[in-house]
Amino acid sequence: MSRRYRKLETSKDLTHLMTRYYATRKVVGKVRPLAWVTSGAPVEILVGMGVATVYPENYGALLGAQQAAVPLAQVAEEQGFSPDLCSYARCHVGSVLDPRNAPQGGLPRPDLLVASNNICGTVIKWYQALAQQLNVPLFLLDAPYQHEPGLADHTLQYVAAQLEDLIAWVTRHTGRRLNQHKFEQALQLSNEAVTLWREIRELCQARPSPLNAPDLFLTMAPIVVLRGSKDAVTFYRKLKAEVEGRVSRGEGAIMEERYRLLWDNIAIWYRLFRLFSLFTDAGACFVVDTYTNAWSVSVDTDDPILGLAQTYSTVYINQSLQARADQMVDLVERFGVDGLVFHSNRSCKPYSLGQYEVLEEIGRRTGVPGLILEADMCDTRLYADEPIKNRIQAFLDLLAG
Ligand code: SF4
């Protein structure tokens, strides 16, 4: 890692927390029933029903970071899964087909599968394949794509009705009922963690920014996999205190911040620090990104089911390109962004399609220049070192004027 980079003290807590998270779920029978869920699943309901969760997407990111994704993706490809499919899906399916060669022996076997297409259509087929392979019941939550701003009432009611169905479905398959107290507590803890996460990210408006994108990509894990738990709140309180300390001392995430950048799309997990050090060495800090920003929306608890329907229907990539461009213009203005770097991620079509148009529109509205890097979040076969380095260097030269 570059010496120009300041490491977070709280990263030790993160390592302990995530190690414990996976370890407790590996102990057979310790956390049952167990559901495999997508990142946009309404987890607060499951917590309120005493159902533990694990996230194959998070496991995919770990495989990507450990450069363990490709051999497992190849296992899936040999069984007929297309190499054009999302690499989270391919490497996770590979870990199910060949657990002996998967880190940690793969994820613990689930009792239930819960997927929502609020992030993409891929998860429907991915989870159907898992349901078939493992002979486990699957619940699909359909959250219609938002072409227009503002959620139509009929969509809200449609999604809310499915959430009621989810509760009945879990009861049917596990015998567990929704415990109102646990559910309310999960919502309150989830909102507290989301609020802390939002506040931490907002602190990056400071100059220099106290965090850089790799910090955000690493510390986002609890907001994805531990929403609704005390552990997530405890972790983000500590992280916020550390970040506030940096701001009050005028300490940046990188030693000499000269340019402030915005990152769009999922991280390139296997090159996290190596890629970002190319920017860090030139004094370029990613002060904001759209990916970790996606977990910044609280749930309105006046009517929790409607509140969950609203929040989970309007996740970032379930919205139109226009809505995404508007959000990014807002981030550019509030965070004082000098340049945009978009990862055109071969795996994640819903995130990557339309990026050229969005970049053009933001450029037109703000005058901020942009760069598109073509790669993949987990599949190292789709990363070309030299062309990427050259493009980054040309972009940094442009910023230097
Ligand atoms: S296609 Fe994109 S949104 Fe869907 S699972 Fe893969 S990375 Fe996530």
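Read-outs throughout are calculated quantities, based only on the coordinates presented, and are distinct from any laboratory measurement. Keep in mind that what you see is a predicted model, and the values were worked out from it rather than measured. Because the Cβ atoms are built from the backbone with ideal geometry, glycine has one as well, and the counts that use them run over all protein chains shown.
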Rounded to whole Å, give me the distance from the Cα center of segment 73-103 to that of segment 308-328. 30 Å
Kindly put 285, 86, 378 in sequence by how many other C-beta atoms sit within 10 Å of each C-beta, fewest to most. 86, 285, 378
Given charges at beta-carbon only (K, R positive; D, E negative), |dipole| of the chain in Debye: 1440 debye
Tilt, helix 11-26 to longest principal axis of the chain (alpha-carbon atoms), in degrees rounded to tens, equals 20 degrees
Debye sum, Cα scatterers, segment 294-344, no solvent: what log₁₀ I/I(0) at q = 0.23, 0.24 1/Å? -0.94, -0.97
Give 26/230; 125/230; 7/240; 125/182; 125/349; 12/240 a once-over and call out the pairs whose C-alpha atoms are over 25 Å from each other. 125/230; 125/182
Residue 256 and residue 153 label points (each 7 Å along its Cα→Cβ direction) are spaced in nm at 6.0 nm
Using helices alone, I'd like the mean residue ellipticity at 222 nm for the chain: each DSSP H run of four-plus residues gives -39500 (n - 2.57), total over residue count, nearest 500. -16500 deg cm²/dmol
May I have the pair-distance distribution P(r) for the chain, computed from all Cα-Cα distances with 20 Å bins from 0 and rounded to whole percent? 27, 61, 12, 0
Take the Cα gyration tensor of segment 135-189, multiply each eigenvalue by 5, square-root it, and list the three semi-axes largest first, rounded to whole angstrom. 25, 17, 9
Directionally averaged projected area (convex hull, Cα atoms, segment 22-81), nm²: 5.3 nm²
Which of 293, 266, 23 sits farthest toward the positive end of the charge dipole of the chain, with +1 on the Cβ of Lys and Arg and -1 on the Cβ of Asp and Glu? 23
Over the chain, with a Gaussian network built from C-alpha contacts below 10 Å, which listed residue (23, 35, 284) shows the highest mean-square fluctuation? 23
Between segment 235-265 and segment 166-203, how far is it from one alpha carbon centroid to the other, in angstrom? 28 Å
Points 7 angstrom from Cα along the Cβ direction at residue 398 and residue 82: gap in nanometres? 3.1 nm
Let me make sure I get this right: for segment 1-147, a, b and c are the square roots of the gyration tensor eigenvalues over alpha carbons, sorted descending. Under 1.5 in a/c it's rounded, otherwise prolate if a/b > b/c, else oblate. Which is it? rounded
